[in-house]
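J.: One structure coming up, written as structure tokens, with questions to follow.
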Amino acid sequence: MSAATSLATSARLGVMLTELRLPTMKRLVPEVCVQSDHEGWPGQQLVETLLEHEMHEREVRRIERHRIESNLSPDKRLSSFDFAAVPCVSKAQVMALAQGHEWLQRGANVLLFGPPGVGKSHLIAGLGHALIDAGCRVLFTRCSELVQRLQAARRDLRLAHELAKLDRFDLLVLDDLSYVRRDQAETSVLFELICERYERKSIAITANTPFSQWGEVFVDAAMTVAAVDRLAHHATILEMNVASYRLRAAQEAKAPARRAKPATTIGAAA
């Protein structure tokens, strides 16, 4: 094959791969074809090699898109979570949730309780990142913000459409449920969301208050009981009742200062 013919063939191949939306194959064809010619690969091996690269990079791009859409904090991973500071949480149990996805297929939930500053958001974000790495779709949102969005959708007669959009996500993380206002319009859409996903799609919730105080969120006692019943029915509950890490950090920062302060001697006092 002449050089001119080879160039024309390469150009046509590049156009076809662009039309087929195979950017990785287009980028690698020159290099891989040279290697194939040099090593005498059979045609099937050449095609398989190019397709493997294309599929791998497509998966990498897909995961990155899902990570961006998730709204998860990029630095909150399970690898950086201090399990030793929260001994009441089983690391093995959390890692099992991260590695086994059968619970997502059942629409099971994860509920995290504890005072502010103990790492609830960090832990659930880390779990979310692990699930995205495994090919799942996750959305992290402040509970109050999502409730306001759903409330606006109800006013505009778009609530069913918004709930359907949330169905795309295998796990919906509602952070800080305790800060939702005790308002009939807001809590009714939250209850509708919980009912819509019950036993179909998973929800993760972080809350500063236990179930016994959820009457401060839902205005109706019957609605409170029904919401708790649906969330807890198939749920892993993580109790994180330890001291705030922010408080511990502040105390640790003060300790060196106290140690460094010179003692007052009797002579100096005199």
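The values are calculated or read from the model by the stated rules, or taken from the named source; none is laboratory data. Every value quoted in this text rests on a predicted model; they were computed, and no experiment measured them. Here the Cβ is made from the backbone with ideal geometry for all residues, glycine too, and neighbour counts use every protein chain on show.
J.: So in region 15-33, with the set limited to residues that are among the hydrophobic types (A, V, I, L, M, F, W, C) and either surrounded by 14 or more Cβ atoms within 10 Å (Cβ to Cβ) or not assigned by TED's automatic domain parsing to the domain that holds Arg58 (or both), which one is nearest to Glu52 (Cα to Cα)?
T.: Met25
J.: Taking region 85-98 as the region of interest, how many residues are modelled with pLDDT of 95 or more and in a helix (DSSP H, G or I)?
T.: Total meeting the criteria: 8.
J.: A further question follows. I'd like the residue in region 174-188 that is crowded, with 17+ Cβ neighbours inside 10 Å and of a type in the set (D, E, K, R) and, out of all such residues, is farthest from the chain's Cα centre (by Cα).
T.: The extreme case among them is Glu186.
J.: Given Leu174, Leu193, Leu231, which one is out of contact with any Asp or Glu (no Cβ under 7 Å at 6 or more places or on another chain), at pLDDT 95 or above and not in a helix (DSSP H, G or I)?
T.: Leu174
J.: Sticking with this structure for a sec: Look through region 125-151, keep the residues that are of a type in the set (Gly, Ala, Ser) and in a helix (DSSP H, G or I), and return whichever of them is modelled with the lowest pLDDT. Outline the logic, then answer.
T.: Keep residues of region 125-151 that are of a type in the set (Gly, Ala, Ser), which gives 125-126, 128, 130, 134-135, 144.
Right, trim to in a helix (DSSP H, G or I) and you get 125-126, 128, 130, 144.
Numbers: Ala125: 98, Gly126: 98, Gly128: 98, Ala130: 97, Ser144: 91.
Going through the qualifying residues, I end up with Ser144.
J.: Would you mind telling me which numbered condition in (1) within 26 Å of the chain's Cα centre (by Cα); (2) part of a helix (DSSP H, G or I) Asp75 fails?
T.: (2)
J.: Can you find a residue in region 164-173 that is within 18 Å of Val219 (Cβ to Cβ), surrounded by 20 or more Cβ atoms within 10 Å (Cβ to Cβ) and under 21 Å from the mean Cα position of the chain (by Cα)?
T.: Initially, region 164-173 is screened for residues within 18 Å of Val219 (Cβ to Cβ), giving none.
Within region 164-173, not a single residue is within 18 Å of Val219 (Cβ to Cβ), surrounded by 20 or more Cβ atoms within 10 Å (Cβ to Cβ) and under 21 Å from the mean Cα position of the chain (by Cα).
J.: In addition: How many of the residues in region 1-22 are farther than 30 Å from Arg61 by Cα, polar (S, T, N, Q) and at pLDDT 65 or above?
T.: Number satisfying all stated conditions: 0.
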